[in-house]
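The values are calculated or read from the model by the stated rules, or taken from the named source; none is laboratory data. No experiment lies behind these values; they were computed from the predicted model shown. With ideal geometry, Cβ positions are generated from the backbone for all residues, glycine too; neighbour counts draw on all protein chains shown. Ligands, DNA and RNA are stripped out before the accessible areas are found, and what is left, the full protein with its side chains, is counted by its heavy atoms. Shrake-Rupley method; radii C 1.70, N 1.55, O 1.52, S 1.80 Å.
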Amino acid sequence: MNKLPLIIRREYLAKVRNKSFVVMTFLSPILMVGMVVLIAYLTKINDNEKRIIGVFNESIYFSNDFHTTENTSYVQFRDISLQAAKDSTMSAGYYGLLHIPNEKSLEEVVQKAYFFTKEAPSASTIDQLEDLFQERLRARRLQDFGVSTEEFALMDEKFEIKTATFAGQQNLKGINVINAVVGGAFGYLIMMFIIIYGGFVMRSVIEEKTSRIIEVIISSVKPFQLMMGKIIGASLAGITQFAIWVISATLLLMVAVFVFDIDPSNFNSTVRIASKVTPEVNEVNKIALEVWTDFSKIPWFMLICFFVIYFALGYLIYSSIYAAIGAAVDNETDTQQFIFPIILPLMLAIYVGFFSVFSNPHGPIAVGFSLFPLTSPIVMLMRLPGGIGEGGVPIWELVTSIVLLIITFVGIVWLAAKIYRVGILMYGKKPTYKELFKWIKY
Amino acid sequence: MNYILVTKEVTKQFGKHIALNKVSLEIPENSIYGLLGPNGAGKTTLIRIINQIIYPDSGEVFFDGELLKPHHISTIGYLPEERGLYKSMKVGEQALYLAQLKGLNRNEAKKRLKFWFEKLDIGNWWNKKVQELSKGMAQKIQFIITVLHEPKLLIFDEPFSGFDPINANIIKDEILNLRNNGTSIIFSTHRMESVEELCEHIALIHQSEKILDGKLSDIKKAYKNNIFKVGLEVENGECLLNELSNKFQLTSSEFNSNENQLDFTLQLPTNDSKDILAFLAGKANINQFVETIPSANEIFIQTVQNKDANE
């Protein structure tokens with residue numbers, strides 16, 4: 001009789017029924033959405049703070065420039081000394097005092113203007129004031145050069161070059177970025193899954209060692225069966241957890257959007273009325289529209305198929321290493337030394353992936369790391385949103401990468417099973433790498 | 001005689017350390033076989049080979065006449081020395097799982113578990129978690145799990161360690177019961193007291209080698225050295241003692257003149273005690289005349305020392 005399903009079932013149930021697992025599963029989405037809502041709320045409060053700024057204007061160059069905005073209003077002082085203006089600003093509890101002295105030229109005025117506050121002023125206030133002077137200076141200069149404001153606006157027009165592949169595929173701009181972000185999300189998911197659920201496998205092996213049940217079990221089943229059962233059981237528990245996270249986070253976000261009245265349809269309607277709104281907003285929406293078009297150009301079906309392949313192989317390779325580590329030590333504190341070398345290629349894959357795939361998805365570094373089996377599950381997935389074949393990942397690279405991954409998978413699982421088989425019956429001293437090597441030969 | 005298990009020159013090496021060196025054993029059916037030896041002698045390695053947890057470098061193991069194969073696992077029950085249970089799993093669920101791993105189906109396992117739980121008076125533990133149980137309680141459950149699938153061969157590695165005397169007795173009785181019902185049992189220990197009570201055959205493993213094996217009574221016979229212990233009631237003890245020490249080889253003696261009691265031990269050249277009895281007849285009242293038989297412990301120590309001395 002095949003005992004693997006029994007082992008998978010037990011490992012799955014043991015994990016899923018574990019209290020901390022249950023708490024993590026149901027609390028995380030709440031915490032996550034809670035954080036998002038809290039940040040949004042706090043930002044809103046922060047923006048709502050009203051600032052009153054005193055303006056002591058002695059110059060003729062500025063008069064009607066201080067319009068009350070949503071969060072700033074201005075109070076004008078006239079015909080008093082600067083000291084008196086400062087004092088009354090302070091005693092009234094205003095945010096600060098802007099002093100614009102009376103000088104001959106605008107340049108001098110701007111040079112000698114001062115903003116007095118109790119503490120260092122906020123960056124947004126400074127920006128606001130600086131923009132005001134900047135704008136005034138620019139208008140003045142344009143006037144000096146004899147350029148009208150309308151003419152200047154024309155000068156500012158943005159130019160965009162059109163792009164196409166030799167085969168005629170239109171508008172490639174920005175695709176690499178979107179692709180890298182989508183691929184990066186998949187890669188990151190794989191890395192997190194490996195680290196979290198590989199750790200599960202490892203702890204579960206250590207638990208069997210410390211509770212001394214291991215010898216009872218391996219007198220009934222093959223150590224390899226037990227190891228694979230653990231790995232599969234932990235991954236099923238992980239998939240369950242991820243599914244719950246995704247579903248509940250989506251639901252909660254929808255509730256949050258509803259309750260806090262953040263209207264996601266704004267996005268679409270603004271696109272429709274884009275022609276009527278200001279050029280800047282139009283620009284933002286144009287980019288958003290481009291992002292959306294690029295997004296829909298990604299070959300999702302292919303991407304998800306390869307995600308499953310790379311995810312399964314990558315997870316199996318890493319979690320069998322985790323199982324071997326768990327078997328080699330007696331307690332979790334001893335695992336650090338062995339875990340670091342596993343995390344390293346994962347981190348490398350993520351960072352190299354982000355930096356090199358981002359800028360050049362088919363450059364030598366991106367290709368190299370997407371062939372190397374310990375990094376390929378992450379890096380290859382970052383490249384794949386660009387498609388396969390012409391303009392995307394060459395088929396030979398994809399095939400080579402998967403073949404290498406399968407060979408490594410067989411090799412690593414074989415090695416890990418050897419270490420596991422010996423390690424689970426060894427108690428006491430933490431082994432060295434040299435001893436681990438010897439175990440392989442037993 | 002039928003043998004449930006035969007090992008032929010089994011050798012196992014871990015790196016440079018030889019854990020077993022050409023160990024050949026014949027373990028008869030339907031009896032309790034004591035596997036004795038000091039810690040680190042290689043007993044556990046041998047047991048793990050029988051359970052196919054590890055494999056010998058050379059040599060063969062036969063189970064019930066056939067070469068040992070993976071399918072034999074379901075006919076062997078093993079209680080390891082390093083034993084435990086999943087701490088956060090419920091007792092009943094855990095026992096079911098382990099029984100199913102041994103190849104029992106769920107319903108059959110449940111039925112047998114209920115029977116054993118009643119028998120050992122632990123029926124109300126089914127839904128308890130293992131971490132709530134004492135060590136002795138957990139040991140009872142491990143014992144049940146070991147025997148549940150009614151194996152032909154049971155292997156107990158230090159089964160009584162961790163048991164209080166009362167539970168140890170319960171388990172001992174169950175082991176004898178199983179033997180009476182036809183199960184063959186290997187009993188590994190370095191504690192000799194339990195060996196005398198339980199084992200019919202023994203093998204002594206020392207420094208990875210078998211140095212002695214056979215029927216316990218035969219071994220004892222071979223190891224007895226014709227020492228007799230005698231107690232007499234006699235009036236002139238000193239006089240008799242003098243005569244005795246001239247004729248026989250006395251190893252110790254004591255005369256209590258108040259109670260006219262003379263106790264001594266003597267070593268005879270052969271196992272024939274007619275001469276001494278004839279000599280004593282008419283000279284004194286014989287209260288006690290016994291041949292001292294070495295205990296398993298003495299045999300064990302003597303053999304190990306001889307072996308070490310020879311090297």
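I want to make sure I understand the PRE zone here: with the label point 7 angstrom from the Cα of A:Val255 toward its beta carbon, which residues in the stretch A:1-40 have backbone N atoms less than 14 Å away? Counting only backbone N, you get A:26-35, A:37. Of all beta bridges that DSSP places with both ends in the protein assembly as shown, some 60 percent have antiparallel geometry.
Chains B and A: what accessible area do they bury, summed, in square angstrom to the nearest 100, with a 1.4 Å probe? Numbers along the way, then the final one.
Working: alone 16100 and 26110 Å², together 39650 Å².
Answer for the B-A pair: about 2600 Å² buried.
Our helix-only sum for chain A, with -39,500 (n - 2.57) per DSSP H run of n ≥ 4 divided by its residues, gives a mean residue ellipticity at 222 nm of -22500 deg cm²/dmol. Inter-chain neighbour count for B:83-91: the average number of beta-carbon atoms from partner chains within 10 Å of each residue's beta-carbon is 5. The long axis of helix A:82-92 is offset from the longest Cα principal axis of chain A by roughly 50 degrees.
The residues packed around A:Gly93, meaning those with a beta-carbon under 15 Å from its beta-carbon, carry a net charge of +1 if Lys and Arg are +1 and Asp and Glu are -1.
By the equivalent-ellipsoid construction on the alpha carbon gyration tensor, the stretch A:108-235 comes out with semi-axes of 67, 29, 6 Å, ordered largest to smallest.
Look at the stretch A:203-212: the mean tally of other chain Cβ atoms within 10 Å of its residues' Cβ atoms is 3.
Counting only protein chain heavy atoms and rolling a 1.4 Å probe, the accessible areas of A:Met192, A:Met227 rank, largest first, as A:Met192, A:Met227. Computed with every protein chain present, the accessible area of A:Phe77 is close to 30 Å² [probe 1.4 Å].
Here the stretch A:50-145 is assigned +1 on the Cβ of each Lys and Arg and -1 on the Cβ of each Asp and Glu. Its dipole about the Cα centre then comes out at about 100 debye.
Net charge in the neighbourhood of B:Ala109 (other residues with Cβ under 12 Å of its Cβ; Lys, Arg +1, Asp, Glu -1) is +3.
Could you compute Rg(Cα) / (2.2 N^0.38 Å) for the stretch B:3-222, with N its residue count?
Working: Rg = 17.4 Å, N = 220, 2.2 N^0.38 = 17.1 Å.
So the stretch B:3-222 has a normalised radius of gyration of 1.02.
Over the stretch B:225-291, calculate the relative contact order: mean separation of alpha carbon pairs under 8 Å at least 6 apart, over the residue count, as a percent. Write down the numbers at each step before the final one.
Details: 102 pairs, mean separation 34.0, N = 67.
Taking the mean separation of contacting Cα pairs over the length of the stretch B:225-291, I get 51 percent.
For the set B:Cys239, B:Cys199, the ranking by accessible area, highest first and with no ligand, DNA or RNA atoms included, is B:Cys239, B:Cys199 under a 1.4 Å probe.
Each other residue within a Cβ distance under 9 Å of A:Leu236 adds +1 if Lys or Arg and -1 if Asp or Glu, for a net charge of 0. Taking every Cα-Cα distance in chain A and sorting them into 10 Å bins from zero, the calculated P(r) comes out as 4, 14, 18, 18, 15, 13, 10, 6, 2, 0 percent. Taking the Cα atoms of the stretch B:186-267, the ratio Rg/Rh between the radius of gyration and the Kirkwood radius comes to 1.22. Solvent exposure of A:Trp396, expressed as accessible area, is near 150 Å², computed with a probe of 1.4 Å over the protein chains only. Of all aspartates and glutamates in the structure, the ones whose alpha carbon falls short of 14 Å from that of A:Lys162, not counting any fewer than 8 places away in one chain, are A:Glu290.
So if I place +1 on the C-beta of Lys and Arg and -1 on the C-beta of Asp and Glu, and nothing else carries charge, what would the dipole magnitude of the protein assembly as shown be about its Cα centre? I want it in debye, nearest 20.
Details: 73 positive and 77 negative charges, 333 e Å.
Rounded to the nearest 20 debye, it is 1600 debye.
Across peptide B:46-53, the average count of Cβ atoms from other chains found within 10 Å of a residue's Cβ is 3.
Diffusion coefficient (Stokes-Einstein, Kirkwood radius over C-alpha pairs, 37 °C, 0.692 mPa s) for the stretch B:26-144: 200 µm²/s, rounded to a whole number. Computed from the Cα positions only, the extents of the stretch B:225-291 along the three principal axes stand at 33, 22, 20 Å, in decreasing order.
Using mean Cβ contacts within 10 Å as the protection proxy, how do B:32-40, B:52-60, A:230-238 order, highest first?
Working: B:32-40: 21.3, B:52-60: 16.6, A:230-238: 23.8.
Ranking the peptides B:32-40, B:52-60, A:230-238 by packing returns A:230-238, B:32-40, B:52-60.
For the residues A:Leu415, A:Leu154, A:Leu137, a 1.4 Å probe over the protein chains yields an accessible-area ranking, largest first, of A:Leu154, A:Leu415, A:Leu137.
Using a 1.4 Å probe, what is the accessible area per residue for the stretch B:92-213, in Å²? Write down the numbers at each step before the final one.
Working: 5070 Å² over 122 residues.
That works out to 42 Å² for each residue.
Each Cα pair under 8 Å and six or more residues apart adds its separation to the average, and for chain B the resulting relative contact order is 20 percent. Take the stretch B:225-291 with all the other protein chains still there, run a 1.4 Å probe, and you get 61 Å² of accessible area per residue. With r defined as the distance between the Cβ atoms of A:Ile407 and B:Ala222 and R0 fixed at 56 Å, what FRET efficiency is calculated, to the nearest 0.05? Computed FRET efficiency for A:Ile407 and B:Ala222 comes out at 0.40. Between A:Pro101, A:Pro29, A:Pro341, the Gaussian network model of chain A with springs among Cα atoms under 10 angstrom shows the greatest mean-square fluctuation at A:Pro101. Percent relative contact order of chain A, based on C-alpha pairs within less than 8 angstrom and at least six residues apart? With pairs under 8 Å counted, the relative contact order is 19 percent. Evaluated at q = 0.13, 0.22, 0.23 Å⁻¹, a Debye calculation over the C-alpha positions of the stretch A:1-123 (equal weights, vacuum) places log10 I(q)/I(0) at -0.70, -1.23, -1.29. The accessible area of B:Glu132, taken with all protein chains in place and a 1.4 Å probe, comes to roughly 110 Å².
Its convex hull of Cα atoms gives the protein assembly as shown a direction-averaged projected area, equal to a quarter of the hull surface, of 57.4 nm².
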